[in-house]
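Each value in this text was obtained by applying a stated rule to the coordinates, not by laboratory testing. Just so we're clear, the structure is a prediction, and the values are computed from it rather than from any experiment. Note that we place each Cβ from the backbone using ideal geometry, even for glycine, and neighbour counts take in every protein chain shown.
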Amino acid sequence: MINDSGICSISKCVHRNRLIACHDSELMVNAGGKPSTERRRDVDLYITTDNVDDLFRRLKDRVQVVVDIYNAFYGMREFAIRDINGFWLTFGQPVQTIPDTHAKQ
């Protein structure tokens, strides 16, 4: 959300995370995480896309998939991969924007 002075700001709290929005971009920040010796790292990046099924199909055989594609209880269809530094990159799309033929996979 951009305030009256044109500065981006924290727009809302989503499931104990902070969502920062600026123009057409959003960044969700979470204070959780585990030390780097654990399965997950301290920082996870959540990326919203407009065709999560196609992206999963293109990436699944080229990267380490840590969470297969699924419909989450909070209305997102998503999957997660691990980058070369061990960080999780989660890609998601709101379920209501996915054609029915894809959402039933």
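Before moving on, here are some points about what is shown:
- Karplus (6.51, -1.76, 1.60) ³J(HN,Hα), θ = phi - 60°, over the stretch 75-91, in Hz, Gly and Pro reported as x: x, 10, 9, 8, 8, 10, 10, 10, 7, 5, 9, x, 7, 8, 10, 9, 10
- Note on residue 63 and residue 95: the extension gain reaches 9.1 nm, defined as 0.36 nm multiplied by sequence separation minus the Cα-Cα distance.
- If R0 is 30 Å, the Cβ-Cβ spacing of residue 51 and residue 84 corresponds to a FRET efficiency of close to 0.80.
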